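A short worksheet on the structure shown next.
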């Protein structure tokens, strides 16, 4: 249920080894150059179990960058719902790709091996018949992608399909999967996806719509959308995301659907026993996210 006031919620050095060193140094220099480029900053809300390292991995940045931006160090411990700064390099990734730090060095080393062999043959120090061919590198079998079956999420008859809401939030508001899942988990509790919901809340105030706007907020919603507001579910979403706390939620990236759901519960809905409700709603966000 919405509160009326706004509460703000972040060895030996052989020729081969020498060449390998050159290759690795080149990679390190390239990585340093990339890190030197300035990136815009985004604010991330910490979820339960999140660490500097897990957030850095999820957003494809280094822990050191996060330490520097937030005045932290390796002893810093994060708390749920804490807001921190993270370099914004685009959409967060789910599994960081491993950098190929030695391929060029290996090529140089292999070429030098061949040069050594040719020289030894030419000077009579090596019998060509004793040379064994280089084995072909082992190739891992191609991974066959298996599509996991999606879990069916049931809704009451007459409710707005959650898939329609997800598509609308993505196309109209360019929201991330985590943001959409966080909102869906809360709509499920507030109205069971019934845009025409209208009831008296625990404070004796009329409340209605997908987000159970109540009191003065419901009056503003009705004035904004007109007499057909109960059929206009898209308008209800637009209204919620245009409110200050809705806009604040949309402007932030969240490391997980759980974190997004808790942020919406605590920053937008603000029900009684808010933290308990936030913890109760969050698991549903994971279910929606896995189906989006």
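The values are calculated or read from the model by the stated rules, or taken from the named source; none is laboratory data. Predicted model, so just to flag it, every value in this text is computed and none were measured. So basically every Cβ, Gly included, is an ideal-geometry build from the backbone, and we count neighbours across all protein chains shown.
Looking only at region 44-52, decide whether some residue is more than 30 Å from residue 281 (Cα to Cα) and at pLDDT 85 or above.
no
For region 223-244, check the following and say yes or no: at least one residue is over 21 Å from residue 290 (Cα atoms) and assigned to a strand (DSSP E or B). Working first, answer last.
To start, the set of residues in region 223-244 that are over 21 Å from residue 290 (Cα atoms) comprises 223-244.
Filter once more, keeping what is assigned to a strand (DSSP E or B): none.
Taking every residue of region 223-244 in turn, none turns out to be over 21 Å from residue 290 (Cα atoms) and assigned to a strand (DSSP E or B).
To keep it simple, each residue is scored yes or no on (1) at pLDDT below 95; (2) within 20 Å of residue 170 (Cα to Cα); (3) surrounded by 15 or more Cβ atoms within 10 Å (Cβ to Cβ).
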{"position": "200", "(1), (2), (3)": "yes, no, no"}
{"position": "238", "(1), (2), (3)": "no, yes, yes"}
{"position": "241", "(1), (2), (3)": "no, yes, yes"}
{"position": "267", "(1), (2), (3)": "yes, no, yes"}
{"position": "275", "(1), (2), (3)": "yes, no, no"}
{"position": "284", "(1), (2), (3)": "yes, yes, yes"}
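Criterion first (touching a strand residue (DSSP E or B) at 6+ places or on another chain (Cβ under 7 Å), surrounded by 18 or more Cβ atoms within 10 Å (Cβ to Cβ) and assigned to a helix (DSSP H, G or I)) does residue 263 satisfy it?
Numbers: touching a strand residue (DSSP E or B) at 6+ places or on another chain (Cβ under 7 Å): yes; surrounded by 18 or more Cβ atoms within 10 Å (Cβ to Cβ): yes; assigned to a helix (DSSP H, G or I): yes.
Here the answer is yes, as residue 263 does meet what is asked.
Determine if region 181-188 includes at least one residue that is assigned to a loop (DSSP other than H, G, I, E, B) and either at pLDDT 95 or above or surrounded by 10 or more Cβ atoms within 10 Å (Cβ to Cβ) (or both).
No, because not a single residue in region 181-188 is assigned to a loop (DSSP other than H, G, I, E, B) and either at pLDDT 95 or above or surrounded by 10 or more Cβ atoms within 10 Å (Cβ to Cβ) (or both).
Which ones in region 202-213 are surrounded by 22 or more Cβ atoms within 10 Å (Cβ to Cβ) and outside any strand (DSSP E or B)?
So the first thing to find is which residues in region 202-213 are surrounded by 22 or more Cβ atoms within 10 Å (Cβ to Cβ), and the list is 207-213.
Passing the criteria: 209, 210, 211, 212.
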